[in-house]
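Novice: Here's a structure for you.
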Amino acid sequence: MDDLTRILKGLPFFEGFADEHLALLVGCARNERATAGSFLFREGQDATTFYLIREGSVSLNIHAPGQGPLIVQTVSENEPLGWSWLFPPYTWHFDARVEQDARMVVFDGLCLRTKCDKDPVFGYELIKRFSRIMTQRIEALSFQLMDVYGERS
Amino acid sequence: MANAPDLMAESAVLAEAPDPMRPRLFRIAKFTHNTHDTFTVALEDLETGAGIGFRPGQFNMVYLYGVGEIPISISGDPQDRSVVIHTTRAVGTVTKAMRSMRKGDTLGLRGPYGVPWPVDRARGRDVVIVAGGIGLAPLRPVLYHCLAHRNEMNKLVLLYGTRSPVDILYREELESWRARFDLDVYVSVDRGMEGWHGNVGFVSTLIAKAPFDAGNTTAYLCGPEVMMRVCATELIKRGVPDHELFVSMERNMKCGIGFCGHCQLGPVFICKDGPVFPYPRMRNLLSPWEL
Ligand SMILES: Cc1cc2nc3c(=O)[nH]c(=O)nc-3n(C[C@H](O)[C@H](O)[C@H](O)COP(=O)(O)OP(=O)(O)OC[C@H]3O[C@@H](n4cnc5c(N)ncnc54)[C@H](O)[C@@H]3O)c2cc1C
Ligand code: FES
């Protein structure tokens with residue numbers, strides 16, 4: 001088993017993935033590092049990748065007019081980052097800034113989409129995992145927006 | 001006549017018993033502003049010059065003359081009886097008046113009251129403390145207790161969520177706890193801003209990241225009801241048995257000792273049956289959330 005396969009097998013995000021599907025993933029993946037302060041992507045850029053953070057952390061920033069960047073979420077060890085590569089218009093809606101030096105696996109979105117189209121079972125397995133993550137993120141964001149620590153009205 | 005009650009003796013005892021509704025006078029020995037809307041007072045009994053004994057999770061009824069009386073948890077170290085510590089968030093009439101007090105001013109206290117956190121239950125287990133906003137204050141005594149009895153439990157984890165970096169309570173203490181090798185501290189804010197390099201996300205998202213053996217964990221939760229509900233659900237999802245979860249409840253109070261019914265929630269009085277309850281007892285009484 002090569003290094004990348006071993007790494008992916010150990011990530012909770014891919015738990016239960018069949019070996020042949022892991023092999024498809026590995027074909028689209030590479031290891032990368034990024035230093036604190038750098039950006040993985042910027043709002044409006046083409047979304048061609050997704051990331052699995054193995055170490056370090058990355059923040060997602062939005063820009064509200066007249067305000068500085070607002071951090072809405074951080075992604076850290078063992079968590080996936082980015083699903084805009086899955087849906088048209090394939091553009092990022094956030095800036096992703098590395099907060100702590102990061103090691104990650106980077107997946108080529110176009111390569112993955114092509115494999116999903118060819119092998120719908122593989123595609124379904126991947127979409128199931130992203131749907132779960134999206135639901136969790138939307139739920140967490142809703143609680144953040146509720147401002148539960150504000151004064152009771 | 002041999003069995004007739006000795007009315008004279010009984011009324012003498014009653015006359016000597018302290019009136020549970022009469023506050024004792026305390027002087028502010030130290031006043032600290034923690035954040036833009038929270039502050040901490042260290043109080044000394046005017047008569048004894050000392051604090052009072054209490055158990056983690058208990059509260060005092062704090063009386064400001066001419067303003068009103070409110071329940072505030074004791075947030076100091078249960079081992080330290082030299083002062084009584086209260087950390088308060090200024091939200092309304094009494095708490096805002098309290099914020100304008102200074103060292104040397106006096107106020108009234110009744111207490112300590114209420115059912116404490118069952119800290120002895122943590123022996124031989126992992127302990128997870130989940131605090132939201134000002135909810136860290138009632139849980140700080142649990143942390144002091146656990147640190148003083150550190151060898152009695154396995155992992156000790158603090159998960160703390162608050163609104164934004166400027167709302168982080170006990171910042172310096174959190175830093176010193178974070179530096180310890182025998183305590184895992186995770187802090188998350190709902191809204192990050194430039195210069196903040198820590199976690200951003202609802203406190204419940206920390207539960208999946210923290211290292212603890214869910215099946216052998218006791219968890220103590222305090223914060224807004226929605227937060228406690230969401231976090232309890234996440235902890236149970238991770239495998240913590242629901243009877244090992246404890247929550248602290250808040251309701252407006254008047255007497256604080258089970259007389260007036262002001263704090264009634266369903267079948268319980270928060271002041272005397274709580275404020276700390278096993279989660280299964282509160283599950284259906286905590287405010288619901290809908291998405
Ligand atoms: C057992 C127990 C322990 C408590 N421990 C603490 C503690 O350690 N520290 C602490 O700061 N508070 C604590 N509280 C809450 C505290 O009692 C209330 O914040 C206080 O009663 C508010 O009184 P007030 O006169 O300042 O506000 P009021 O004038 O009664 O209320 C003014 C406004 O503030 C809002 N408000 C009232 N209470 C709260 C609240 N808790 N949170 C947000 N908004 C509120 C009201 O809805 C209203 O809009 C505890 C409550 C209980 C029941
Ligand atoms: S406050 Fe009076 S019964 Fe609880």
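The values are calculated or read from the model by the stated rules, or taken from the named source; none is laboratory data. Owing to the predicted nature of the structure, the values given are computational and were not obtained by experimental measurement. Here the Cβ positions follow ideal geometry from the backbone for every residue, glycine too, while neighbour counts run over all protein chains shown. These accessible areas exclude ligands, DNA and RNA; they are computed on the full protein's heavy atoms, side chains included. Shrake-Rupley method; radii C 1.70, N 1.55, O 1.52, S 1.80 Å.
Novice: Which distance in nm do the two modelled labels at B:Ser82 and B:Glu172 give, with both placed 7 Å along the Cα-to-Cβ direction?
Specialist: Label at B:Ser82, label at B:Glu172, 1.5 nm between them.
Novice: Find the accessible area per residue for chain B; the probe is 1.4 Å, ligands and nucleic acids are left out, and the unit is Å².
Specialist: Here the residues of chain B average 45 Å² of exposed surface.
Novice: Determine the gain in length on full extension of the stretch B:Ala179-B:Ala148; use 0.36 nm per residue of separation and subtract their C-alpha separation, reporting nm with one decimal.
Specialist: 9.5 nm
Novice: Run lengths n ≥ 4 of DSSP H only: what is the helix-derived mean residue ellipticity at 222 nm for chain A, with -39500 (n - 2.57) per run over all residues, to the nearest 500?
Specialist: Mean residue ellipticity, 222 nm, calculated: -11000 deg cm²/dmol.
Novice: What distance in nm separates the simple spin-label points at A:Asp108 and A:Met134, each placed 7 Å from Cα in the Cβ direction?
Specialist: 2.5
Novice: Looking only at other chains, what is the average number of their beta-carbon atoms within 10 angstrom of each beta-carbon in A:59-72?
Specialist: 3
Novice: Lysine pairs, Cα distance under 16 Å, 8 or more residues apart or cross-chain: how many in the protein assembly as shown?
Specialist: 5
Novice: In deg cm²/dmol and to the nearest 500, what is the mean residue ellipticity at 222 nm of chain B if only DSSP H runs of at least 4 residues count, each as -39500 (n - 2.57), divided by the residue total?
Specialist: Computed ellipticity for chain B at 222 nm equals -5500 deg cm²/dmol.
Novice: Can you list which of the GluC sites (Glu not before Pro) found in segment A:83-153 are DSSP loop residues with at most 11 other C-beta atoms within 10 Å?
Specialist: Taking segment A:83-153 and a limit of 11 other Cβ atoms within 10 Å, the loop GluC sites (Glu not before Pro) found are A:Glu151.
Novice: Hey, can you grab everything whose amide H is under 5 Å from the amide H of B:Ala50? Only 5+ residues off in sequence or another chain; H modelled, so Pro and N-termini drop out.
Specialist: B:Asp45
Novice: Further question: Under a 5 Å amide H to amide H cut-off, with H placed in plane at 1.01 Å, what residues pair with A:Gln73 once short-range neighbours are removed?
Specialist: Here the answer is A:Leu60, since their amide H atoms fall under 5 Å of that of A:Gln73.
Novice: On to the next question. Distance in nm between label sites at B:Glu47 and A:Leu145, each 7 Å beyond Cα in the beta-carbon direction?
Specialist: Each label point lies 7 Å from its Cα, and together they span 5.6 nm.
Novice: Averaged across A:126-138, how many Cβ atoms of other chains sit within 10 Å of each residue's Cβ atom?
Specialist: Average per residue, whole number: 1.
Novice: Efficiency by 1/(1 + (r/R0)^6): what FRET value for A:Asp3 and B:His36, r their Cβ-Cβ distance, R0 = 41 Å, to the nearest 0.05?
Specialist: 0.25
Novice: What's the buried accessible area, both sides, between B and A using a 1.4 Å probe, rounded to 100 Å²?
Specialist: In total, chains B and A hide about 2300 Å² from solvent.
Novice: Now a separate question. How are the C-alpha pair distances of segment A:2-149 spread across 10 Å bins, as whole percents from the shortest bin up?
Specialist: Going out from 0 Å in 10 Å bins, segment A:2-149 shows 11, 40, 36, 11, 2 percent.
Novice: Further question on the same structure: Which residues' amide hydrogens lie under 5 Å from the amide hydrogen of A:Arg54, considering only partners 5 or more residues apart or on another chain, with H built in the peptide plane?
Specialist: The list, which skips near neighbours in sequence, is A:Asn78, A:Arg103, A:Met104, A:Val105.
Novice: Find the Cα radius of gyration of the protein assembly as shown, compare it with 2.2 N^0.38 Å by division, and give the number to two decimals.
Specialist: Dividing the Cα radius of gyration by 2.2 N^0.38 Å gives 1.17.
Novice: With all protein chains present, how much of the accessible area of segment B:15-73 (probe radius 1.4 Å) comes from carbon and sulfur, to the nearest whole percent?
Specialist: 51
Novice: So what is the relative contact order of segment A:2-149, in percent, for Cα pairs below 8 Å that sit 6 or more residues apart?
Specialist: With pairs under 8 Å counted, the relative contact order is 29 percent.
Novice: Still on this model: Quick one: angle between helix B:225-238 and the longest Cα principal axis of chain B, in degrees between 0 and 90, rounded to 10, please.
Specialist: In chain B, helix B:225-238 runs at an angle near 50 degrees to the longest axis.
Novice: Please check chain B for the longest run free of trypsin sites (Lys or Arg not before Pro) that are loop-located per DSSP (anything but H, G, I, E, B) and have at most 14 other Cβ atoms within 10 Å.
Specialist: Here the longest segment lacking exposed loop sites spans B:181-291.
Novice: Kindly work out what percent of the DSSP beta bridges joining two residues of segment B:119-248 are antiparallel, to the nearest 5.
Specialist: 0
Novice: Which whole number gives the average count of other chain Cβ atoms within 10 Å of the Cβ atoms across peptide A:73-83?
Specialist: 3
Novice: When the accessible area of chain A is computed with all protein chains present and a 1.4 Å probe, what percentage of it is carbon and sulfur?
Specialist: With neighbouring chains kept in place, the figure for chain A is 53 percent.
Novice: Quick one: Cα centre-to-centre distance for segment B:226-246 and segment A:109-153, in angstrom?
Specialist: 22
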